[in-house]
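Heads up: the structure comes next, in C-alpha cells.
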Amino acid sequence: MSDAIRIGTRSSELALRQARLVPAALLEPGVESELWGFEDARVVFVPELECWVITCTAYGPAGPAVYLATTEDFRSVLRHGIIRQPEDKNAALLPHRIDGKWVLLHRPKTEFGSRGEILLSRSADLESWSAPEQVMRPREGAWWDAGRIGIGPPPLETEHGWLLIYHGVKEMVGGAVYRVGLALLDRDQPTTVLHRLPEWVLGPDAPYERTGDVPNTVFPCGAIHDPATDVLRMYYGAADTSICLATARLGDLLGAVRA
C-alpha cells in the first residue's frame, strides 16, 4: 500500500479525550426486535427534514435489522423503528433525495446479496422501500475484500461523485481480517461505480487494532469533513474494543480513487 493513499493520523485516545459522556443512551432496547441492542450507527444531517437521521442495526431473536431514528439535538430521539427486516444491516441514508426518492445503502442477506455485497433501496416516505439494487460486490479471488463488503460512514458527496468508504473482509487461517477501502459512486446514479481503489487505505496494524474482542478489525462508521482545511476525520472501531480516529485530506483520497 502506498504511503500517498494511507489514511494519515491514528489515535485511539484523541477521540476519547474529546468525548463527553451522557447519563443515558440515546437508543435503548424497548421491544423484542431490539432485545439485544443496537450497533453500527451511521448519522447524517438531512436539510429537507431539518434533523439528523440515524440508521443502525437492531438485534432481536429474528436477527439483525435496519433501524431508523431521527433527532434534532441528540438529547431526545424519535424512533421510526425497523425499516428493513432481518437479515439486513450496514445501512446509511444519502442526505438528499435523488429523482424524488430517498436512497438507502445497506446489506441484506438474500439470494441477491448472499455474498455480503452493497445494495441500495429507494423510498418516497422513509417507510416503504423498493427491492434492493446492486451497487458493489466483493471482488473475486484472493483480494483483501473478497469475503464480504459493507459501507462505512454515510457516503460523502463531492463534485466527482459520492465518496464511499467501505470495509472489506478476507477470511484467513487465523480468522477474518477487516480493512478499509474507497470507491466513487455516480452522483445521480449511485448504483454506478465510477472508480474503485484496488488497495486498502487502512488495515489493522497497531496493537489495539490487532488484539481485542474481534481481532484484526478496523470498522469505520463516522466521518466529518472540514472544508476549511480539507481534513477528513474518520472514526472507527478497533478490534471491537477501542474507539479510534484517523485523518486524511479529502483531496488526497479523491485523487487516489480517481487514479
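When a footprinting reagent is the concern and you count Cβ atoms within 10 Å, what order do Ile98, Ile165, Ile83 take, fewest first?
Ordered from fewest to most neighbouring Cβ atoms within 10 Å, Ile98, Ile165, Ile83 come out as Ile98, Ile83, Ile165.
Among Met136, Met234, Met172, the largest mean-square fluctuation in a Gaussian network model of the chain (Cα springs under 10 Å) belongs to Met172.
Binning all Cα-Cα separations of region 131-199 at 5 Å, short to long from zero, yields these whole-percent fractions: 4, 17, 26, 25, 15, 8, 4, 1, 0.
With each label modelled as a point 7 angstrom along the Cα→C-beta vector, the Asp240-Leu26 pair spans 2.3 nm. In order along region 123-137, phi translates into HN-Hα couplings of 8, 8, 9, 6, 10, 9, 10, 6, 4, x, 10, 6, 10, 8, 10 Hz, rounded to whole numbers, per the Karplus curve 6.51 cos²θ - 1.76 cosθ + 1.60 with θ = phi - 60° and x for Gly and Pro. By the count of neighbouring beta-carbon atoms within 10 Å, fewest first, Cys56, Cys51 end up ordered Cys51, Cys56.
For region 25-99, the mean projected area of the C-alpha convex hull, equal to one quarter of the hull surface, is 5.0 nm². Region 45-80 and region 158-209 have Cα centres lying 24 Å from one another.
The label-point distance for Ser123 and Asp213, in a model that sets each label 7 Å from Cα toward Cβ, rounds to 2.7 nm.
Among Tyr59, Tyr208, a tally of other beta-carbon atoms within 10 Å of each Cβ gives an order, fewest to most, of Tyr208, Tyr59.
Backbone geometry of region 74-81 corresponds, through the Karplus equation with coefficients 6.51, -1.76 and 1.60 at θ = phi - 60°, to 3J(HN,Hα) couplings of 6, 10, 10, 9, 9, 8, 8, x Hz, x marking Gly and Pro. Ordering 26-32, 219-225 by mean Cβ neighbour count within 10 Å, with the highest value first, yields 219-225, 26-32. A straight Cα-to-Cα reach below 19 Å connects Lys89 with the aspartates and glutamates Glu28, Glu32, Glu34, Glu39, Asp40, Glu111, Glu117, Glu127, Glu133, Asp145, Asp240, residues fewer than 8 places away in its own chain not being considered.
Rg and Dmax over the alpha-carbon atoms of region 118-259 stand at 15.5, 45 Å. Phi-derived couplings, Karplus 6.51 cos²θ - 1.76 cosθ + 1.60 at θ = phi - 60°, listed residue by residue for region 51-59: 7, 8, 9, 10, 10, 8, 9, 9, 10 Hz, with x used for Gly and Pro. Residues of region 36-53 falling in the label zone of Asp73, defined by backbone nitrogen less than 19 Å from a point 7 Å along Cα to beta-carbon, are 45-46, 49-53.
Throughout, read-outs are computed from the coordinates displayed, never taken from laboratory work. These numbers were taken from a predicted model, which means no experiment stands behind them. In this analysis, Cβ positions are derived from the backbone assuming ideal geometry, glycine residues included, and neighbour counts consider all displayed protein chains.
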